Structure formats: C-alpha cells, structure tokens
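The values are calculated or read from the model by the stated rules, or taken from the named source; none is laboratory data. Just so it is clear, the structure is predicted and the values come from calculations on it, not from any experiment. Neighbour counts run over all protein chains shown; Cβ positions are idealised from the backbone, glycine included. Note: accessible area is taken over every heavy atom of the protein model, side chains too, but ligands, DNA and RNA are not part of it. Shrake-Rupley method; radii C 1.70, N 1.55, O 1.52, S 1.80 Å.
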Amino acid sequence: MNKQPVEGFSKLSKDGKIEWLVNEYLNGDDKAIKTLKQYWNNDEDLQKLHDEFSENTISNFYMPFGLAPNFLINGRLYTIPMAIEESSVVAAASKAAKFWINRGGFKTTILSTEKLGHVHFIFKGDCNKLKTFFDEVLKDKLHQDTADITKNMRARGGGISKLELIDKTSQMENYFQIKGTFETVDSMGANFINSCLEQFAKTLQTEIATSSIFSDQEKESLQIVMCILSNYTPDCMVRAEVSCKVEELKDGKVSAEEFVEKFTRAVRIAEIEPYRATTHNKGIMNGCDAVVIATGNDFRAVEACAHTYATKDGRYSSLTHCEVEDGIFRFWIDLPIAVGTIGGLTSLHPLVKLALDILGKPNAKELMGFIAVAGLAQNFGALRSLVTTGIQKGHMKMHLMNILNQLEATEEEKQYFVNYFKDKTVSHHAVINEFCRLRGVSHPDELKKID
Ligand code: MEV
C-alpha cells in the first residue's frame, strides 16, 4: 500500500515516533521496539542530552571508542582516542605508532589557521564603482557592523582578518563575492563565521541602498544569493611528518632499500593515479575521521576539505608524500583541517570531553596535529602492509571476530578459531567451512542464515 506523508512527526513523543515507525514501516513487528530501546541509556539525563543533539531521535547508535597508544609526537607520548567501526584501523594506527616511536616519532607543524566564508551576490552595474565603494566605504562598515558579533572572538585573539571583494563575472554574469577571512582560535567557528556573513549581507544591502554613487537601477539589481562559510580551508593547514635514516627501515625479511623503493613507488602511484589516490586517501581519512569523531568535530567538513585539497593541482592526488634525500627517508602529509576544542559538542558530550582529556586538553592547533598524525600513521600502516604482506592478512584476522559474531559462535569456538587461524589465511569461506565442520553440519545453510 502506498504510504501517506506524516504530519507533525517531530511533535510526537519518542514512544509515539517508534510506534509510528513500527506500524508504518515494520508491519507492526514490535521486535524493533526492543532493538531500539536496548540502546537507550538508563541514565535519563544522559539519554536526554543525546536525544537533544539532533532531531526526531528514537535511539542511540553506538560506535566503538578505542585507543591507539604509543604515539610519540613532538617529543611527547600520547594515546589517541579513536571512534571507528572499521576493524584494523586502530590496530594499524597503534602498530605505526610503535614503529615510529623508536625512529624519532611524529612531528607536527601548524602552517596556517585561517578560515573562509563568502557572501555570494549579484550586482548588475559598474564593477569599478563597486570596487571603489567596497574599498573606501563598505569594508570599514562591515567591520563596524559586526563589532558586537566579533567582540568575544577578538578578546580571544581572533576575529575578521581580511575582507575582499571578489569579481566572479568572468565565470558567471554579474556574480560577486564578499570573501571574509577569519581567525576563530580554538573554536571551529562555523556559527561565528556564518553570523558575520549574514551581517555583511545586511550591511551590503543597506549601504548600497543609501549610497549616492549608485543609480536606482544598480541599487535594485543587488541580490544576495547566500551567505555561508566555506568548508575548503587551504589556509588552515597542518603538516605531520616522520623521518629516519633509510637503513632504519628494514622490515622483517624486506631490506631497508627494498622497503623504501616499494613504499615510495606506492606513494608515487597514488600521486599520479586517481583510482589509487581515492583509496589511499580513504585510508588516511580512516585515521583522521576516527579522531575527529572522538573529539566531537564535524568529520563531513574535514572529509570535504581534504578531498577538495587533494585536487588542488588539477587532478585528484595523494594527500601524503615521501622523499629520500641524503639517506634520510621522509614521509609527510599537509592537510587543511578546521576543527575546534571549544564549543559544539566538546563540552557537552561526556565521551568527547574524555577524549580531549586523554589528549591533554589540546587547543585547536594541537588537535589539528593529532588528526593529521592519525591520518599519516594510518597511511603508513596501510602502505607498509600493501607493499609487503598484503592487506588481507591483517584485515581478515580482525574481521574474523565479525564473521564469528554473525555466526553466533560461542566464546569457546571463538578461541578455537583464533588458534586455528594463527598460521592460516583467514577468508570468509575458510571460516564458514571450518565452522560447519566443527558444528557437524554439511552445508552453511544449515547454520543460522548469516547475511
Ligand atoms: C581500507 O579501509 C583502507 C585501505 O584500503 C587504504 C589503502 O589502500 O591505502 C587499506
């Protein structure tokens, strides 16, 4: 039967929303109620806090919160909290941390910290007049009219760093921007930037309307299209790097020279081949996102920015790079990252607060460093496996537990499988076969359906 749109859904109670869901989408099967409610927290205040982070919430969605210890960063030891559901990511990060702890550790450098936003507008008139008006009248007025909004930020050392009029008419008829550059110190700054931009738009409208230099036609032509920050922040950039003598890179049976050659080639491939670069960068973001999420930041913004930056030279390319110079191997990432350690979820979500405590209550610059280090470590771990043992060995070992959980294996059976696969390659097929043999069934269909 065709479904009808629902009216006033947001006004229903939580139970009311669940009841509607069960009736409308789950054929009245109330098993869903148990599933949803088993994730509710017994602490009502904590549950309410989580409910209010978003809208129309009916339950919580858990994500594993793990730790990657032994990160030596700028000479200090850290444990990095990571929220991620993909097996192997935390293990790979921890392994890379351990590898580099005896080779000088990670180094981070903040290259810049500025964020951007735009008022996109249409103006049909004399461009030169608009430019003069912007420089001589509007710019000061934009600062004045946002003085209240920027007051606290200025007291913390931030504010509006630069205002420019950008002429985009060569790409789109009559299209201009007010481009604002902002320093938001330890906050991510999205609300601050957007509030400033919306005030800029109002000021632009008022000042043009009351100016004597524009004709009535020019005044009437002004249209604000939108005011919004840009998630592309190429001037909010951190570098994370590792380096050591080539001879220190001997890896198991692989000689140092061979390892460096293979590793460097893998990075070069990601630099020139977008198909590989996408997967290469996905692995980097495995590490970055896990820290971004654990610290209550917006991983979609960090992702969007990273991928735009990856295309900066006109082709999607690797975010990491490596070189060998005078016998020194150097591997690094330059990554634009806009995050905050105050505001947003950072003081509201108890686990986020804890994650920031674990990292030693970092400021935004330090957090940028941790995120970049996690990405670099992840990429090092992935490439190291890919060019030596292959990725599946480690991955499938981690995935073994997922398969066994799907099969509803007992603890005893799980232990058996861990031993069984100690010297064998794990594959879905191999696990199912051995599981059938162990349970004395001839075909997987006789087991609980697992897909
Ligand atoms: C898997 O989530 C990430 C990797 O594919 C990254 C890579 O290939 O570099 C292992």
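Conditions tested, residue by residue: (1) within 18 Å of the chain's Cα centre (by Cα); (2) on the phi < 0 side of the Ramachandran plot.
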position	(1), (2)
Ala304	yes, yes
Lys312	no, yes
Arg315	no, yes
Val324	no, yes
Trp332	no, yes
Gly340	yes, yes
Gly343	yes, no
Are any residues in region 206-233 more than 30 Å from Thr308 (Cβ to Cβ) and either of a type in the set (S, T, N, Q) or assigned to a loop (DSSP other than H, G, I, E, B) (or both), and if so, which ones? Thr206, Thr210, Ser211, Ser212, Ile213, Phe214, Ser215, Gln217, Ser221
Hand me the list of helices (runs of 4 or more DSSP H) wholly inside region 9-123 holding 2 or more residues that are within 16 Å of the ligand (Cβ to nearest atom) and crowded, with 16+ Cβ neighbours inside 10 Å. 89-101
Tell me, yes or no, whether region 2-17 has at least one residue that is aliphatic (A, V, I, L, M) and touching a residue at least 24 places away in the same chain (Cβ under 8 Å). no
Flag for Thr264 being of a type in the set (Ser, Thr, Tyr), open to solvent by 70 Å² or more (accessible area, probe 1.4 Å) and within 29 Å of the chain's Cα centre (by Cα): no
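Hey, any hits in region 269-289 for a residue that's among the aliphatic types (A, V, I, L, M), within 16 Å of the ligand (Cβ to nearest atom) and out of contact with any helix residue (DSSP H, G or I) (no Cβ under 9 Å at 6 or more places or on another chain)?
Here is the first cut: in region 269-289, the ones among the aliphatic types (A, V, I, L, M) are 269-270, 272, 277, 284-285.
Next, only the ones that are within 16 Å of the ligand (Cβ to nearest atom) stay: 269-270, 272, 277, 284-285.
Subsequent filtering for residues that are out of contact with any helix residue (DSSP H, G or I) (no Cβ under 9 Å at 6 or more places or on another chain) retains 272.
Yes: one or more hits.
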Testing His399 on (1) away from the ligand (no atom under 16 Å from the Cβ); (2) open to solvent by 40 Å² or more (accessible area, probe 1.4 Å); (3) not in a loop (DSSP other than H, G, I, E, B), one condition comes back false. Which one is that? (1)
Pairs please, first residue from region 209-220 and in contact (Cβ under 8 Å) with a residue 60 or more places away in the chain, second anywhere and surrounded by 14 or more Cβ atoms within 10 Å (Cβ to Cβ) and in a loop (DSSP other than H, G, I, E, B), Cβ atoms under 8 Å, 6+ apart in sequence or on different chains. Phe214/Gly125; Ser215/Gly125; Gln217/Gly125; Glu218/Phe123; Glu218/Gly125; Glu218/Asp126
Cβ pairs under 8 Å, 6+ apart or interchain, first in region 381-405 and free of Cβ contacts under 8 Å to residues at least 24 places away in the same chain, second within 14 Å of the ligand (Cβ to nearest atom) and open to solvent by less than 70 Å² (accessible area, probe 1.4 Å), ordered by first then second residue, are Ile391/Ala382; Ile391/Ser385
Based on this model, can you work out whether Leu376 counts as buried (at least 21 other Cβ atoms within 10 Å of the Cβ), farther than 24 Å from Gly75 by Cβ, modelled with pLDDT of 95 or more and within 16 Å of the ligand (Cβ to nearest atom)? no
Single unsatisfied condition, Ala430 versus (1) buried (at least 16 other Cβ atoms within 10 Å of the Cβ); (2) in contact (Cβ under 8 Å) with a residue 24 or more places away in the chain: (2)
If you scan region 379-402, which residues turn out to be under 22 Å from Ile84 (Cβ atoms) and either of a type in the set (Phe, Trp, Tyr) or modelled with pLDDT of 90 or more (or both)? Asn379, Phe380, Gly381, Ala382, Leu383, Arg384, Ser385, Leu386
Show the residue pairs meeting these rules: Cβ distance below 6 Å; 6+ apart or different chains; first residue within region 257-286 and in contact (Cβ under 8 Å) with a residue 60 or more places away in the chain; second residue more than 8 Å from the ligand (Cβ to nearest atom) and among the aromatic types (Phe, Trp, Tyr). Val260/Phe329
Test result for Ala355, within 16 Å of the ligand (Cβ to nearest atom), open to solvent by less than 70 Å² (accessible area, probe 1.4 Å) and either within 26 Å of Pro81 (Cα to Cα) or touching a Gly at 6+ places or on another chain (Cβ under 8 Å) (or both): no
For region 229-251, give me each residue that is open to solvent by 70 Å² or more (accessible area, probe 1.4 Å) and closer than 30 Å to Leu138 by Cβ. Asp235
Given the criteria touching a residue at least 40 places away in the same chain (Cβ under 8 Å) and either within 16 Å of the ligand (Cβ to nearest atom) or of a type in the set (Phe, Trp, Tyr) (or both), does Met368 qualify? no
